[in-house]
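Notes to accompany the following structure.
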Amino acid sequence: MADANSRSGQVYFNGPILDWCDATHAPHDEGLNYAFEAPARAGMPPIQVAASEGKLLELLLRMVGARRVVELGTLAGYSAIRLARALPEGGKVWTVEFDPRHAEVARDAIARAGLSAKVEVCVGRGVDVLPTLEPHGPFCAVFIDADKESYDVYGRWAARHVRPGGLLLGDNSFLFSNLLDDTPRAAVMRRFHEEAKAHFDTVNVPTPDGLLVGLKR
Ligand SMILES: C[S@@+](CC[C@H](N)C(=O)[O-])C[C@H]1O[C@@H](n2cnc3c(N)ncnc32)[C@H](O)[C@@H]1O
C-alpha cells in the first residue's frame, strides 16, 4: 500500500506515525469514539474514513462556512458527525444510506454525539434520494463516499447543486489502487475526476485511498 502513495515510490509515513498524528491533531472524544467503533460492534464493515481524514473534512467545511451539506454513504455515522460538527447553529447534514441497518446504527451514534437535530439520515439509494433533497439546496458541500459505480452521477448532481465557493469531496478517488484499470468501474471514477474539473477547481489529496477536493467556480 505504502509504495502506491508517492510518485517516487518513497513514502514518509507508517502506521505508528499516522497513529501519532491522529492522536495529536484529530483525537476522538466520546461521541467520535462511539461512532468509530460502531461498525465493529454491529458486525458492519469498518470502512469509515480515518481520524485524520474526518478532521480534514471538518476543517474544509469550516473554511468555506458550510451550512447545508449532503453526504452519500453514512455507514455508522462517523463522517456525518465530523461534518455536522463543522456547521454553525441551524446548519444541517443530509446523509444518504442504502442499508437500513447501517442507518439505524448511524442514528444511534449521531444521537449519542448530540447531533440528531443537525443530521438527517435518509434511507435509500443515492440516485433515488438526491432528487428529494433538491428543495433544500443549493448546498455548501457534497461528500461522496458510497457506491463507486455511481461517482460520476453523484459528481454531476453536485455540479448542479453546490453553490459557488462550495465543495465537492470524493473519498476513495484512487479506487483502491485500481483507478487506471481497464474496467467500467475505473472508467466511472476517472470520469468523475475529469468532469469535476469542468465545474470545480480540483486537487486530488493523496490520502491512503485519495480524496478529491473541488472548490465550485
Ligand atoms: C464507505 S461506507 C461510508 C463511510 C462513512 N462515510 C464514514 O466515513 O463514516 C459506504 C456506505 O455506503 C452505503 N451505500 C452503498 N451503496 C449505496 C447507494 N447506492 N446509496 C447510498 N448508500 C450506499 C453502504 O451501505 C455503506 O454504508
For this session: Quick one: VAL129 ticks every box in (1) more than 9 Å from the ligand (Cβ to nearest atom); (2) buried (at least 18 other Cβ atoms within 10 Å of the Cβ); (3) more than 16 Å from the chain's Cα centre (by Cα) except a single one, so which number is it?
Result: (1)
Exercise. When both residues are 6+ apart or on different chains and their Cβ atoms are under 8 Å apart, which pairs have a first residue that lies in segment 30-46 and is in a helix (DSSP H, G or I), and a second that is among the hydrophobic types (A, V, I, L, M, F, W, C) and surrounded by fewer than 15 Cβ atoms within 10 Å (Cβ to Cβ)?
Worked result: PRO39/ILE47
For this session: Would you confirm whether any residue within segment 149-156 is β-branched (Val, Ile, Thr), assigned to a helix (DSSP H, G or I) and more than 23 Å from LEU87 (Cβ to Cβ)?
Result: yes
For this session: Filter segment 53-74 down to the residues that are in contact (Cβ under 8 Å) with a residue 60 or more places away in the chain and among the small types (Gly, Ala, Ser), then identify the one that is farthest from the ligand (Cβ to nearest atom).
Result: GLY65
Problem set entry | helices (runs of 4 or more DSSP H) completely within segment 63-138 that count 2 or more residues being among the β-branched types (Val, Ile, Thr) | 100-112, 126-133
For this session: Output the residue which, of all residues in segment 175-216 that are of a type in the set (Lys, Arg) and surrounded by 13 or more Cβ atoms within 10 Å (Cβ to Cβ), is nearest to ARG160 (Cα to Cα).
Result: LYS216
Exercise. Restricting segment 14-29 to residues that are more than 14 Å from the ligand (Cβ to nearest atom) and not in a helix (DSSP H, G or I), which is farthest from LEU167 (Cα to Cα)?
Worked result: ASN14
Problem set entry | Odd one out for THR183, checked against (1) more than 16 Å from the ligand (Cβ to nearest atom); (2) within 26 Å of ASP99 (Cβ to Cβ); (3) touching a helix residue (DSSP H, G or I) at 6+ places or on another chain (Cβ under 8 Å) | (3)
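Bear in mind that the values in this text are calculations on the coordinates, not laboratory data. Note that the structure is a prediction, hence the values are computed from the model and not measured. Every residue, glycine as well, gets a Cβ built from its backbone with ideal geometry; the counts of neighbours run over all protein chains shown.
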